[in-house]
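Novice: First the structure, then my questions, so here it is.
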Amino acid sequence: MNEGFETLAIHAGQEADPHTGAVVPPIYAVSTYKQDGVGGLRAGYEYSRSANPTRTALEECLAAVEGGARGLAFASGLAAEDTLLRTVCAPGDHVLIPDDAYGGTFRLFAKVLERWGVSYDPVPLGDVDAVRAAVRPETKVIWVETPTNPLLGIADIAALASVAHDAGALLAVDNTFASPYLQQPIALGADVVVHSTTKYVGGHSDVVGGALVAASAELGERLAYHQNAMGAVAGPFDAWLTLRGLKTLAVRMERHCDNAERVVELLASHPKVTQVLYPGLPEHPGHEVAAKQMRRYGGMVSFRVAGGEQAAVDVCDRTRLFTLGESLGGVESLIEHPGRMTHASAAGSPLEVPGDLVRLSVGIETVDDLLADLSQALG
Ligand SMILES: Cc1ncc(COP(=O)(O)O)c(C=O)c1O
């Protein structure tokens, strides 16, 4: 049966509990499982780092909604990234990363993986020829974020998949900003999808988690081996919360997009705003590609404020309903100053972000309240 996104998000990997009939997978708060004689596992479970039934339900659901062969759930998005990179790369290998990658991803490359012998080059992913030219014989992965954090740049996933595959490299797509509801990288040729499930998938700012979804069973098996060997797994309660969030992803994303479009309208005509970065705007350089590969344009909006860095910081300090905080993708609206907050670790690097930039994660509150709050904060 070819089930729709919402059906998969609510049912994939989730049978009613065989003992009680509970319609939601229970939180299996357990580390080990009784064996019926040595090696006699009742349901394939022996130790919860290797597998846990609550996590399995989430992993199967993630694979289904991303259209992949295997899903794996981790303790955080960065734990998922680290496990992926240390599965598919070895010392001496090279990776291409976005020139405005998420700051924590950049830090993982610059401060951890480089010491381990993996080199990287930041490239403008919107320019496919530049990416092709930057590929080296030792390039093992092209790392894609689209839309990017925080500049909302767009990369053409299908075009970059052919660049990667021509070079014998893998295409990894961080799908955190779009969520599987708005964008399906595997259908466009990606080999593996990465998520900070902390964001839209979890959706309620109450859990930190990460995920990998592999397009092939073979890559899925290698990743699962390393997930167990490295051990940065999602705990059962975190897996349960994330699965609970995933069930409502589609309806939440529709409202995030509705509200973000209204916020963009307000900002685009505001005299204190010098630029609005949103892939839904026809003048956005990635608009055509975004229209081709995304269902809608998402709930993240960035903008630049007239008056420079202090003016941008002042706007962040003045909102009342938009909470000043890092992270994104929850039901509540958040505002932040990337240069001093989420992307402070990229200061002085090629990935440094403009000081006059403000990033919004537009939540699903009453949109008129959000517009009133932004208007008073902009003055
Ligand atoms: C695009 C993106 N990828 C990865 C991460 C890392 O995820 P986590 O914070 O769950 O480790 C983040 C976190 O903000 C992110 O925004």
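Novice: Restricting to segment 301-331, give me the number of residues that are within 16 Å of the ligand (Cβ to nearest atom) and either of a type in the set (Asp, Glu) or touching a residue at least 24 places away in the same chain (Cβ under 8 Å) (or both).
Specialist: 7
Novice: What do you reckon, is Ser345 touching a residue at least 60 places away in the same chain (Cβ under 8 Å), touching a Leu at 6+ places or on another chain (Cβ under 7 Å) and within 16 Å of the ligand (Cβ to nearest atom)?
Specialist: Against the criterion (touching a residue at least 60 places away in the same chain (Cβ under 8 Å), touching a Leu at 6+ places or on another chain (Cβ under 7 Å) and within 16 Å of the ligand (Cβ to nearest atom)), Ser345 does not qualify.
Novice: Can you tell me which of (1) among the hydrophobic types (A, V, I, L, M, F, W, C); (2) away from the ligand (no atom under 16 Å from the Cβ); (3) assigned to a helix (DSSP H, G or I); (4) touching a Phe, Trp or Tyr at 6+ places or on another chain (Cβ under 7 Å) is the one Ala80 doesn't meet?
Specialist: For Ala80, the failing item is (2).
Novice: Restricting the search to segment 348-379, which residues are of a type in the set (S, T, N, Q), farther than 21 Å from Ala306 by Cβ and either under 22 Å from the mean Cα position of the chain (by Cα) or at pLDDT 95 or above (or both)?
Specialist: Result: Ser361, Thr366.
Novice: Go through segment 179-198 and report how many residues are β-branched (Val, Ile, Thr) and either assigned by TED's automatic domain parsing to the domain that holds Gly330 or more than 8 Å from the ligand (Cβ to nearest atom) (or both).
Specialist: Final tally of qualifying residues: 3.
Novice: Then there is this: If we keep just the residues of segment 216-234 that are within 16 Å of the ligand (Cβ to nearest atom) and buried (at least 18 other Cβ atoms within 10 Å of the Cβ), which is farthest from Arg86 (Cα to Cα)?
Specialist: Result: Ala234.
Novice: Follow-up question, since we're still on this one. I'd like the full set of residues that are under 18 Å from Gly71 (Cα atoms) and touching a helix residue (DSSP H, G or I) at 6+ places or on another chain (Cβ under 6 Å), limited to segment 6-37.
Specialist: Result: Glu6, Leu8, Ala9, Ile10, Ala12, Gly13, Gln14, Pro25.
Novice: Taking Leu241 as meeting all but one of (1) of a type in the set (A, V, I, L, M, F, W, C); (2) out of contact with any Gly (no Cβ under 7 Å at 6 or more places or on another chain); (3) surrounded by 15 or more Cβ atoms within 10 Å (Cβ to Cβ), write down the number of the exception.
Specialist: (2)
Novice: Return the pair list, or none, for Cβ contacts closer than 6 Å from residues in segment 127-143 that are of a type in the set (Val, Ile, Thr) to residues that are at pLDDT below 95 and assigned to a strand (DSSP E or B), at least 6 apart or on different chains.
Specialist: Partner pairs satisfying both residue conditions: none exist.
Conditions (1) within 14 Å of the ligand (Cβ to nearest atom); (2) touching a residue at least 40 places away in the same chain (Cβ under 8 Å); (3) part of a helix (DSSP H, G or I); (4) surrounded by fewer than 24 Cβ atoms within 10 Å (Cβ to Cβ), marked per residue:
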position: Gly168; (1), (2), (3), (4): no, no, no, yes
position: Phe177; (1), (2), (3), (4): yes, yes, no, no
position: Tyr200; (1), (2), (3), (4): yes, yes, no, no
position: Val207; (1), (2), (3), (4): yes, no, no, yes
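Novice: From Gly71, Gly77, grab the single residue that is in contact with a Cys (Cβ under 8 Å, 6 or more places away or on another chain) and at pLDDT 95 or above.
Specialist: None of the other options fit; the residue is Gly71.
Novice: So, one more: Looking at Gly104 and the list (1) modelled with pLDDT of 95 or more; (2) open to solvent by less than 10 Å² (accessible area, probe 1.4 Å), which single condition is not satisfied?
Specialist: (1)
Novice: Name, by its number, the condition in (1) within 23 Å of Val331 (Cβ to Cβ); (2) open to solvent by 10 Å² or more (accessible area, probe 1.4 Å); (3) assigned to a loop (DSSP other than H, G, I, E, B) that does not hold for Leu152.
Specialist: Tallying (1) within 23 Å of Val331 (Cβ to Cβ); (2) open to solvent by 10 Å² or more (accessible area, probe 1.4 Å); (3) assigned to a loop (DSSP other than H, G, I, E, B), Leu152 fails exactly one: (2).
Novice: Mind listing just one residue for me: the one in segment 85-110 that is within 18 Å of Arg222 (Cα to Cα) and aliphatic (A, V, I, L, M) and, of those, farthest from the ligand (Cβ to nearest atom)?
Specialist: Once the filter is applied, the top-ranked residue is Ala90.
Novice: If you take the residues of segment 324-337 that are more than 17 Å from the chain's Cα centre (by Cα) and open to solvent by less than 10 Å² (accessible area, probe 1.4 Å), which of them is farthest from Asp206 (Cα to Cα)?
Specialist: Per the stated criteria, the residue is His337.
Novice: Considering Val144, Val213, which residue is in a strand (DSSP E or B), under 18 Å from Arg86 (Cβ atoms) and open to solvent by less than 10 Å² (accessible area, probe 1.4 Å)?
Specialist: Val213
Novice: Kindly indicate whether Ala161 is crowded, with 24+ Cβ neighbours inside 10 Å and either more than 14 Å from the ligand (Cβ to nearest atom) or closer than 16 Å to Arg296 by Cβ (or both).
Specialist: no
The values are calculated or read from the model by the stated rules, or taken from the named source; none is laboratory data. Computed from a predicted structure; not experimentally measured. When we count neighbours, we look across all protein chains shown, and the Cβ atoms used for this are built from the backbone with ideal geometry, even at glycine. Note: accessible area is taken over every heavy atom of the protein model, side chains too, but ligands, DNA and RNA are not part of it. Shrake-Rupley method; radii C 1.70, N 1.55, O 1.52, S 1.80 Å.
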